Amino acid sequence: MKIDYEKLKAGLESLTGHDFERAERAEQSSGNNAPMLTLTKGFQARLAAEALKVPTPEIKGLPIREYNRVTNEVFSFLYGQSVESGELENSIEGLQSDAPSTEEQNTGSDKRRRS
């Protein structure tokens with residue numbers, strides 16, 4: 001299957017809250033009980049399938065690089081960041097730079113153990 005990314009974006013734009021909730025219920029019924037369902041690849045693939053009007057197994061059957069690209073597009077759509085513009089990478093780098101280093105984490109846990 002060849003993904004038309006313009007069609008995917010247009011399809012996502014045309015989805016409604018009803019479509020979103022239907023995809024949530026279907027994903028939960030499939031056994032996905034993640035607390036933040038929208039962050040899972042399974043849900044993102046299901047929403048992409050809904051947007052493209054194809055069965056979910058067609059999206060899940062894509063080669064891994066293509067599957068990852070499709071699910072990243074859905075993530076970007078949902079969270080307002082563009083993968084292609086580099087905004088997503090920049091925000092991830094920002095999150096990583098804000099996170100404590102392994103050394104800081106270890107030092108902090110040592111301090112808690114001593115108290």
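Looking only at region 25-54, count every residue that is of a type in the set (G, A, S) and on the phi > 0 side of the Ramachandran plot and tell me the total.
Qualifying residue count for the region: 1.
Hey, among the residues in region 40-58 that are touching a residue at least 24 places away in the same chain (Cβ under 8 Å) and touching a Leu at 6+ places or on another chain (Cβ under 9 Å), which one's surrounded by the most Cβ atoms within 10 Å (Cβ to Cβ)?
So the residue we want is L47.
Of everything in region 37-70, what is over 16 Å from E21 (Cα atoms) and either among the hydrophobic types (A, V, I, L, M, F, W, C) or touching a strand residue (DSSP E or B) at 6+ places or on another chain (Cβ under 9 Å) (or both)? Give them in sequence order.
Hits for region 37-70 are L52, V54, I59, L62, I64, V70.
If you go through region 43-66 one residue at a time, do you hit one that is of a type in the set (D, E, K, R) and modelled with pLDDT under 95?
no
Go over the candidates A49, A23 one by one and state the one that is under 17 Å from K2 (Cβ atoms) and assigned to a helix (DSSP H, G or I).
Only one candidate passes the filter, namely A49.
Any idea which of S82, S91 is at pLDDT below 95, among the small types (G, A, S) and more than 14 Å from the chain's Cα centre (by Cα)?
Going through S82, S91 in turn, the sole match is S91.
The values are calculated or read from the model by the stated rules, or taken from the named source; none is laboratory data. Here the structure is a predicted model, which is why all the values come from computation and not from measurement. Backbone-built Cβ (ideal geometry, glycine too); neighbour counts: all protein chains shown.
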